[in-house]
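S.K.: My questions all concern the structure below.
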Amino acid sequence: MFRRVVTPLTSFARLAAQPSPHVFTVPRLHSTNTHVPPLKFRVLNFYVIAPIGNIEHEMNCHRQVLVSMNMFGRVYVCADGINAQVSGVIESCDSYEDFVTSRFPSQQIIFKRDLAPEHAFPTLKVKAKRLVPFDADLGQRGISLSPVQWKQKLDDIAAGADNTVVLDVRNSYEWDLGRFEFTHRPPVLEFKHSDIETFPELSNADKKKTDVMMYCTGGIRCEYFSVLVKKFGFQNVYMLEGGVQNYGAVVGSHRWQGKLFVFDRRNSIPVGSDPTPVVGVCHHCQSPTEAIHNCCNIDCNALHLSCTHCWTQFRGCCCAECTKANRVRPIELFQNSQSPLGWEQGPPPGFADINRKRFLHSSGK
């Protein structure tokens, strides 16, 4: 989808006038979840793959703009580009999009947007950091499939196509909460430990004839992992453009099951507006659930699915052993929160972070 830019840069004109590595303009892409009730805040996610010559200068430009508009979130900058997840009032997010587009006018940036009742991040972090945990030659990436093209490929599999493999290149706990049909659980707990040989779907696949499709939350992980798959010898490598977030905004929930895990205070969001089957099961009792939590044992903190009954019974912990740990967050701190979003990924801006306090178990250990 294309949207005409109407928000003036005004106070950001001086920053936008700074040297940019690009010299011509193309339309930018936007994906918007239009099925969320009108709310004051917006969560904005995007990435840009483009050479960054002066990383420190780019960081300072973004930090200055975000601070001036009271926006919070994470912005990572490296020589390959930028990866950002931020939140703010709708008008501020519009202005930040304009600023980013002015910095990279030749890039087709897919801005993934969702409305929220309050800030989705507790603080603002702008720092130099790799976009993903490993390096790759991004000139050798796979082919991007639009959400509509991705939908057609999934339908082809459902109709009997047997030369296609679909990889989920997220963390395993993300798959537990929600996933596309025809996928297997990622073989590693975290994406940073992924490599080609750990995906059994690829072990006996014909590297010349097999179509390898892959997806992640917003698209950035596929940009890198597709390079590794091609380097391994596969010739037909495809990635979902803009990730599941973009797919949900453009296509909806077609062949998606469950909810989508997100790395902010919301923890999870629906994909599209239509109901989807619950695929998550409680880590303790195996009953259906879509509630995902961090273990209340501060020294564990493992993300796990837990139904309301078991979350209370295990005091927010992932196992009985963790309930006896020396530093356990009292679940009453979360139950008594007046915030419409969870506190496990941090409090609203300006509030003390109960996740960082060194709580002791009630036994006095």
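Read-outs throughout are calculated quantities, based only on the coordinates presented, and are distinct from any laboratory measurement. Everything numeric in this text was worked out from a predicted model, so none of it was measured. All Cβ positions, glycine included, derive from the backbone under ideal geometry; neighbour counts span all protein chains shown.
S.K.: Can you work out the base-10 log of I(q)/I(0) for the range 254-340 at q = 0.19, 0.21, 0.25, 0.26 1/Å, using the Debye formula on its C-alpha atoms alone?
M.R.: -0.90, -1.04, -1.28, -1.33
S.K.: Continuing with this model, one more query. With θ set to phi - 60° and the Karplus curve 6.51 cos²θ - 1.76 cosθ + 1.60, what are the ³J(HN,Hα) couplings of the range 121-134 in order, to the nearest whole Hz, using x for Gly and Pro?
M.R.: 10, x, 9, 10, 10, 10, 8, 7, 7, 4, 5, 9, x, 8
S.K.: Any idea what % of Cα-Cα pairs in the range 133-210 are farther than 16 Å? Walk me through the intermediate numbers first.
M.R.: Values: 1839 of 3003 pairs.
For the range 133-210, the share of Cα pairs beyond 16 Å comes to 61 percent.
S.K.: What size of dipole, in debye to the nearest 20, comes out for the range 239-333 about its Cα centre when the only charges are +1 on Lys and Arg C-beta atoms and -1 on Asp and Glu C-beta atoms?
M.R.: On the way: 8 positive and 7 negative charges, 41 e Å.
Dipole about the Cα centre, nearest 20: 200 debye.
S.K.: Further question: Using a 7 Å offset from Cα along Cα-Cβ at D137, what residues in the range 200-227 end up with backbone N under 18 Å from the label point?
M.R.: 223-227
S.K.: Right, something else. Kirkwood Rh over alpha-carbon pairs of the range 181-332, then Stokes-Einstein at 20 °C and 1.002 mPa s: what D in µm² s⁻¹, rounded to an integer? Let's see the in-between values first.
M.R.: Working: Rh = 17.6 Å.
Estimated diffusion coefficient is 122 µm²/s.
S.K.: At a 10 angstrom cut-off on C-beta neighbours, averaged per residue, how do the peptides 112-118, 247-253 rank from highest to lowest?
M.R.: Values: 112-118: 19.6, 247-253: 21.9.
The most tightly packed comes first, giving 247-253, 112-118.
S.K.: Describe numerically, in nm with one decimal, the distance between label points set 7 Å from Cα along Cα→Cβ at A128 and at D274.
M.R.: Reported label-point gap for A128 and D274 is 4.8 nm.
S.K.: Taking a 31 Å limit on the Cα-Cα distance, which of the listed pairs K129/K151; K112/K324; K151/K192; K125/K207; K112/K231; K129/K324 fall beyond it? Walk me through the numbers on the way to the answer.
M.R.: Values: K129/K151 33 Å; K112/K324 41 Å; K151/K192 27 Å; K125/K207 41 Å; K112/K231 29 Å; K129/K324 36 Å.
Too far apart for the 31 Å limit: K129/K151; K112/K324; K125/K207; K129/K324.
S.K.: I'd like the chymotrypsin sites (Phe, Trp or Tyr not before Pro) in the range 199-245 restricted to DSSP loop residues with at most 15 other Cβ atoms within 10 Å, sorted by number.
M.R.: Values: sites: Y215, Y224, F225, F232, F234, Y238; in loops: F232, F234.
For chymotrypsin sites (Phe, Trp or Tyr not before Pro) across the range 199-245 that sit outside H, G, I, E and B with at most 15 neighbouring Cβ atoms in 10 Å, the list reads F232.
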